[in-house]
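The values are calculated or read from the model by the stated rules, or taken from the named source; none is laboratory data. Predicted model only: the values in this text are computed from it and were never measured. Positions of Cβ are generated from backbone atoms using ideal geometry, with glycine treated the same way; all protein chains shown enter the neighbour counts. SASA here: full protein model, heavy atoms, side chains in, ligands and nucleic acids out. Shrake-Rupley method; radii C 1.70, N 1.55, O 1.52, S 1.80 Å.
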Amino acid sequence: MIDGKKVLFSGMQATGNLTLGNYLGALKNWLTLSEEYECFYSVVDMHSITIRQDPAELRKRARNLLTLYIAAGLDPKKNCIYYQSHVSGHAELAWILNCYTYMGELNRMTQFKDKSAKHADNINAGLFTYPVLMAADILLYQADVVPVGIDQMQHLELTRNIAERFNNIYGDVFTVPEAYIGKVGAKIMSLQDPTKKMSKSDENPNGSIYLMDDPDTIMRKCKRAVTDSEACIRYSDEQPGIKNLIDIYSACTGKTPEETVQEFEGKGYGELKPAVGEAVISVLKPLQEEFVRLTKDKAYIDSIIKENAEKANYYASKTLRKVQRKVGFPDRIR
Ligand code: TYM
């Protein structure tokens, strides 16, 4: 609790171009929850280097991502929007938690398996212990709730296990967090292969809608989306392409999938696809305009970075000091 409010933590990697999946699965829910909770939204740049990055490019992407959080509508005076690498407590707590996490647990992480298959030439220890850093991110702020897409559920479960294990040994040190998964949009699929999630790292750019895509590109990608030959708009696992388009449309318009199906009853794919395109454009256009405006205001963004790093450090150190005492590190002499 901070000032009588429950705490929310979430983050995104500054790797690749953000997709509509990131927006609908995470960012959109951050906006709805931001009034109710004391929120920490991190640009998790330390996670990004588990895969080789060009340093100048990473710096640029990290800043763009931080700006995008604000452009999406998160008020940086009320929400702590900051770079993970500006708070050394993340790495310090991650080290301690590494000593309370088992190799077997990390071996089971599907994202580790996927990423090590994809980057077979660079299976580094950071990639393996990545979920422990993620646990440290969350536990450092004593977060009650963590809004994420479905693909992060396994990491969230591990975080809960680590927190419970630690609490069982040392008493109530960590708040055990709950995942928050949105009703629609928690798993947006590729437009070209609806059995795969829409991903920043997809080689086929037509599979993903990027948050900075212009309206023509968005419309073209939606119209080219892979569907099926059923010629019927139903919300069914047997029609993954159509189901995905219904999800996107519903998440963008605030409707339920059932309402969307009703709206398109008796209509063809030729009507659904451009309607999805329009719905996506109407969500992304204001965000893009605000992003362009904000990037011009360097001094403002710099001030946010500075203030929020201080705020995050303040709360992070509180937890860290407590944990360090519990495990037996000597007190500091002041
Ligand atoms: P990342 O950067 O891959 O994704 C950021 C958020 O977007 C969600 N997401 C999706 N949701 C729906 N459909 C999709 N196709 C889709 N693709 C991505 C993700 O679930 C995530 O919520 N390890 C995390 C970042 C992280 C983090 C944390 C998150 C680091 N520490 C602590 C929460 C709490 C990641 O790589 O997310």
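How far is helix 55-71 tilted, in degrees, relative to the longest principal axis of the Cα atoms in the chain, given as a value from 0 to 90 rounded to the nearest 10? It is inclined by approximately 70 degrees.
Rounded, prolate or oblate: which fits region 1-45, taking a ≥ b ≥ c as square roots of the Cα gyration tensor eigenvalues, rounded meaning a/c under 1.5, else prolate when a/b beats b/c?
oblate
Does anyone have the angle between helix 125-140 and the longest principal axis of the chain? Alpha-carbon axes, 0 to 90°, nearest 10? That works out to roughly 80 degrees. Pick out which of PRO55, PRO286, PRO205 has the largest mean-square fluctuation in a Gaussian network model of the chain, springs linking Cα atoms closer than 10 Å. With Cα springs under 10 Å in the chain, the top fluctuation among PRO55, PRO286, PRO205 is at PRO55.
Rounded to the nearest 10 degrees, the angle from helix 89-98 to the longest Cα principal axis of the chain is 80 degrees.
Averaging Cα coordinates gives a centre for region 239-291 and one for region 92-155; these two points are 33 Å apart. Its Cα gyration tensor gives the chain an equivalent ellipsoid, and the semi-axes of that ellipsoid, as √(5λ) in whole Å with the largest first, are 36, 22, 19. If you sort ILE96, ILE181, ILE123, ILE333 by accessible surface, 1.4 Å probe, largest first, the order is ILE333, ILE123, ILE181, ILE96. Dimensions of region 1-132 from C-alpha coordinates, computed as largest minus smallest value along each principal axis and given longest first, are 42, 33, 26 Å. Normalised by the number of residues in region 178-300, the mean separation of alpha-carbon contacts (under 8 Å, six or more apart) gives a relative contact order of 25 percent. Normalising the average separation of contacting C-alpha pairs (under 8 angstrom, six or more residues apart) by the number of residues puts the relative contact order of region 160-248 at 23 percent. The three principal axes of the C-alpha atoms in region 205-292 carry coordinate ranges of 41, 25, 19 Å, sorted with the longest axis first.
Using only protein heavy atoms and a 1.4 Å probe, report how much of MET198 is accessible, in Å² to the nearest 10. In the full protein context, MET198 sits at about 10 Å². Across the chain, the longest piece that holds none of the GluC sites (Glu not before Pro) lying in DSSP loops with up to 13 other C-beta atoms within 10 Å covers 37-202.
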